[in-house]
Amino acid sequence: MAPSLDVPHLTVFDPVIEQALQERERLIAALREASHARQLRLVYQPKVSLTTGKIVGAEALMRWHHPTLGTVPPLRFIPLAEETGLIADLGHWAIEEALAALVRWHRRCGRLVPVAVNLSPRQLELLRLRGESLDDHVHSLLARHGLPPHCLELELTESSLMQQEETALAELQRLRDLGISLALDDFGTGHSSLARLQQLPVTTLKIDRSLVKGVTGNARHHALLGSVINLGWALSLNVVAEGIETVEEAEILRQLHCPIAQGYYFHRPLPEAEFAALL
Ligand code: C2E
Ligand code: MG
Ligand code: MG
Ligand code: MG
């Protein structure tokens with residue numbers, strides 16, 4: 001017979017928390033179905049040269065349109081995909097789909113436009129646990145399409161890259177050795193040690209919108225943005241500024257010798273066909 005405990009049971013029932021938990025479970029269940037149900041899409045945001053005005057690349061961004069839940073933003077579902085491990089499959093699909101889109105653009109417009117795909121550190125970890133590696137996956141995808149490696153870029157956030165252990169860094173280095181570009185995303189929002197930055201196998205700095213926003217008419221902010229761009233040049237990295245919303249921001253970046261920019265001012269993230277039409 002189980003001993004009876006004298007501890008009074010305290011049941012805390014908070015309907016708000018309860019509802020949030022149920023909602024979370026519902027989303028997770030729906031996310032498990034999402035890829036089979038073809039509810040996931042990639043949209044492509046152009047990266048624009050500030051010197052020529054031409055489109056020099058695209059960032060692939062994931063979109064989830066659920067028939068009843070509506071459009072769920074990535075900032076909501078990517079963390080859930082990471083927690084549940086679904087990110088391994090979603091992330092793989094994103095790379096595959098982005099490269100397939102690149103091939104279709106090439107057929108249609110004759111241009112090989114480099115495409116960037118966001119990479120979750122959890123994705124690398126899961127592959128490692130399965131005894132697989134991203135560089136093998138990427139290598140075979142490129143080979144299947146007959147694509148040169150420089151047409152693929154992987155974006156990792158500054159905070160996630162700085163936390164990577166040596167094993168993961170070795171994996172990223174293998175991707176670099178293949179010729180894939182690696183970008184440090186959201187630069188300026190994490191805690192980068194400059195010493196570490198120099199050792200990371202990255203090719204590109206993506207300056208976060210928070211470093212660009214509010215730069216007009218603020219001398220200190222302007223100086224800070226300029227020095228981050230110069231840091232990129234000094235380390236021989238490509239520099240891309242994110243989240244450009246106004247002509248003033250674009251003009252300041254151009255004056256500060258930022259080569260490439262991306263943001264609503266130029267183009268919103270676009271469906272594949274609209275991106276092709278722009279090319
Ligand atoms: P991110 O990689 O830094 O992507 C840039 C985000 O800024 C995108 O939000 C984009 O739509 C938004 N953006 C672009 N231009 C502007 C602008 O001018 N102003 C403002 N305010 N925002 C702008 P989105 O698509 O909602 O994605 C949010 C984040 O979710 C991404 O940030 C990335 O970290 C993550 N994410 C999106 N797709 C994927 C994916 O396929 N895999 C993984 N692992 N993460 C993804
Ligand atoms: Mg990104
Ligand atoms: Mg970013
Ligand atoms: Mg971001």
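For the pair residue 247 and residue 109, label points projected 7 Å from Cα toward Cβ lie 2.4 nm apart. Taking the accessible area of region 113-242, probe 1.4 Å, and keeping the other protein chains in place, the carbon and sulfur fraction comes to 52%.
Mean-square fluctuations from a GNM of the chain, with a 10 angstrom spring cutoff on Cα atoms, peak among 122, 268, 32 at 32.
To one decimal place, what orientation-averaged projected area in nm² is obtained for the convex hull of the Cα set of the chain?
20.9 nm²
On a per residue basis, the chain carries 53 Å² of accessible surface, using protein heavy atoms and a 1.4 Å probe. Considering only 114, 204, 29, the residue lying farthest towards the positive end of the dipole of the chain is 114, judged by Cα position with unit charges set on Cβ.
Averaged over residues, the count of other Cβ atoms within 10 Å places the peptides 169-175, 25-31, 241-247 in the sequence 241-247, 169-175, 25-31, highest first.
Centre-to-centre separation between the Cα atoms of region 154-226 and those of region 43-62: 18 Å.
Assuming a ≥ b ≥ c are the square roots of the Cα gyration tensor eigenvalues, decide whether region 50-138 counts as rounded (a/c under 1.5), prolate (otherwise, with a/b larger than b/c) or oblate. The shape class here is oblate.
The protection proxy used here, the mean number of other Cβ atoms lying within 10 Å of each residue, ranks peptides 205-215, 125-135, 95-105, 48-58 as follows, highest first: 205-215, 95-105, 48-58, 125-135.
Rounded to the nearest 500, the helix-only mean residue ellipticity at 222 nm of the chain stands at -15000 deg cm²/dmol, with each DSSP H run of n ≥ 4 adding -39,500 (n - 2.57). Residues within the reach of a label modelled at residue 194 (point 7 angstrom out along Cα to beta-carbon, backbone nitrogen below 17 Å), restricted to region 227-255, are 227-237.
Within the chain, the whole DSSP H helices whose Cα atoms reach 30 Å or more along their own axis and whose mean Kyte-Doolittle score is at least -1.0 are 87-109.
The values are calculated or read from the model by the stated rules, or taken from the named source; none is laboratory data. Everything numeric in this text was worked out from a predicted model, so none of it was measured. When we count neighbours, we look across all protein chains shown, and the Cβ atoms used for this are built from the backbone with ideal geometry, even at glycine. Just the protein is used for accessible areas: all its heavy atoms, side chains included, with ligands, DNA and RNA removed. Shrake-Rupley method; radii C 1.70, N 1.55, O 1.52, S 1.80 Å.
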